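*Asks:* Before I ask anything, let me first share the structure, which is written out below as structure tokens.
What follows is calculated from the coordinates using simple rules that are stated; it is not laboratory data. All values reported here derive from a predicted model rather than from experimental measurement. Glycine gets a Cβ as well: all are built from the backbone with ideal geometry, and neighbour counts include every protein chain shown.
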Amino acid sequence: MSPTVHALRNEIRVSVGRFEREVSSAFTKEALAAICDAVDADIDTDSQPSKPAMRTAIREAVDGLDGDGEDSGDSFRKADLQAIAEALRDDEQ
């Protein structure tokens with residue numbers, strides 16, 4: 001059985017040192033900044049950029065995701081979350 005979106009988000013949160021959430025919710029700015037740092041996204045997270053800018057930077061940094069598309073700043077879909085989780089798993093090994 002494939003993991004749910006909620007399970008993938010929690011896996012990503014834990015991988016970047018954030019806390020799991022009991023209810024399904026989108027990433028906070030702080031979590032997105034932590035993900036940017038973990039995947040070496042090309043964005044200055046010290047200035048707290050917007051959520052769409054951080055999602056675009058994450059998509060550009062993770063292989064298999066397109067950060068150039070018109071919807072690159074939109075919320076992550078399940079396939080995006082799977083690719084991000086896989087990239088973070090690869091970094092841990």
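*Asks:* What net charge do the residues around residue 8 carry, taking every other residue with its C-beta under 11 Å from that of residue 8, with Lys and Arg at +1 and Asp and Glu at -1?
*Replies:* +1
*Asks:* Then there's this: Would you compute the Debye intensity of the chain from its alpha-carbon atoms alone, equal scatterers and no solvent, and pass along log10 I(q)/I(0) at q = 0.13, 0.14 Å⁻¹ to two decimals?
*Replies:* Cα-only, vacuum Debye calculation for the chain: -0.37, -0.43.
*Asks:* Under a point spin-label approximation (7 Å from Cα along Cα-to-Cβ), what is the residue 90-residue 22 distance to one decimal in nm?
*Replies:* Inter-label distance under the simple model: 3.6 nm.
*Asks:* Can you tell me which of 45, 56, 28 moves the most in a GNM of the chain? Springs connect C-alpha atoms under 10 Å apart.
*Replies:* Taking springs between Cα atoms under 10 Å, the residue moving most is 28.
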